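Trainee: One structure is given below, represented as structure tokens, and several questions about it will come after.
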Amino acid sequence: MVFCENCGTELKDDDVFCSNCGNKIRHTSKSHKNIYIALILTFFITGLGSIYAGNAKKGLILLIARLAFAVIGVFIGIFLVLSVLVWAYAFYEAYKDVQIANGYSNPKLIEDFKGWDQNNKIIAILIIIIILMFTVSGCYSLLTMNSHTSSDPDTHYYVSHSTGGSSSGSSSSSHYGGVDDSPHTIAKNDPDWYYDHYDYGDYDDIDEDLESQGYD
């Protein structure tokens, strides 16, 4: 495809003047860059579309930025979302770089879109929808992946832990397979197991509470 440098209208490869604004078209000897190839490359590897279009510096910056955000995102979740947004933004940059490589010095997506024929407009809309779907889906998944942890004490499980104030001083054997090893919570959920591993008098408040429930 050839585009007018002045108004962005799509033209035939052999057009000398723009059919929309009359601007003279400059034909260069540079090899033509295919926008669809650039977008496909960007889909799989962030920044590769810009590299394909001849802008290696920008492509590498986008790739490094996405990888950096992904690594930091392992520790700070919001950076995983930023990584997805960089991926989406790379499509726009790939489009601009392809247009520049093909002789259109000032590409503007919205204005260019107005000059495209009906088929190219439909294809562009479908591509944008797909990118938005992947972007929204990715961000939503990353934001909600850790939001379903239960806060109900009765659903917690326990791991092995030290007897702490027990006169025996030995470590109790593992009875549960989770994370909450609070003596108060264990006593609440399993009084018999609590007294198997703690001595009377270790926790006065727990002893009083259990005595009120009929445990000796």
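Bear in mind that the values in this text are calculations on the coordinates, not laboratory data. All values reported here derive from a predicted model rather than from experimental measurement. Every residue, glycine as well, gets a Cβ built from its backbone with ideal geometry; the counts of neighbours run over all protein chains shown.
Trainee: Quick check on the stretch 31-144: take the gyration tensor over C-alpha atoms, sort the square-rooted eigenvalues as a ≥ b ≥ c, and tell me if it's rounded (a/c under 1.5), prolate or oblate.
Mentor: It is oblate, given that a/c is not under 1.5 and a/b is not larger than b/c.
Trainee: List the lysines whose Cα lies under 16 Å from the Cα of LYS108, skipping any in the same chain that are fewer than 8 positions away.
Mentor: LYS96, LYS121
Trainee: Right, another one. Quote to one decimal, in nm, the extra length available between ASN120 and LEU143 on full extension: 0.36 nm per residue of separation minus the C-alpha distance between them.
Mentor: Result for the pair: 4.8 nm of gain on full extension.
Trainee: Let's see if you can work this out: charge +1 on each Lys and Arg Cβ, -1 on each Asp and Glu Cβ, no other charges. What is the dipole magnitude of the stretch 19-128 about its Cα centre, in debye to the nearest 20?
Mentor: 300 debye
Trainee: Below 8 Å, C-alpha to C-alpha, sequence gap of six or more: please give me the relative contact order for the stretch 31-144 in percent.
Mentor: So the answer I get is 27 percent.
Trainee: Hey, another quick one. Express in nm, to one decimal, how much length is gained between HIS32 and ILE100 on full extension, taking 0.36 nm for each residue of separation and deducting their alpha carbon distance.
Mentor: 23.4 nm
Trainee: Among the chymotrypsin sites (Phe, Trp or Tyr not before Pro) in the stretch 35-136, which ones are in a DSSP loop with at most 15 other Cβ atoms within 10 Å of the Cβ? Mind listing them?
Mentor: Here the sparse-neighbourhood loop sites are PHE75.
Trainee: Under a cut-off of 16 Å between alpha-carbon atoms, report the lysines in cross-link reach of LYS24, not counting same-chain residues fewer than 8 places apart.
Mentor: Here the lysines satisfying the reach criterion relative to LYS24 are LYS12.
Trainee: Next up: Could you list LEU143, LEU48 in order of exposure, starting from the residue whose Cβ has the fewest other Cβ atoms within 10 Å?
Mentor: Starting with the residue having the fewest Cβ neighbours, the order is LEU143, LEU48.
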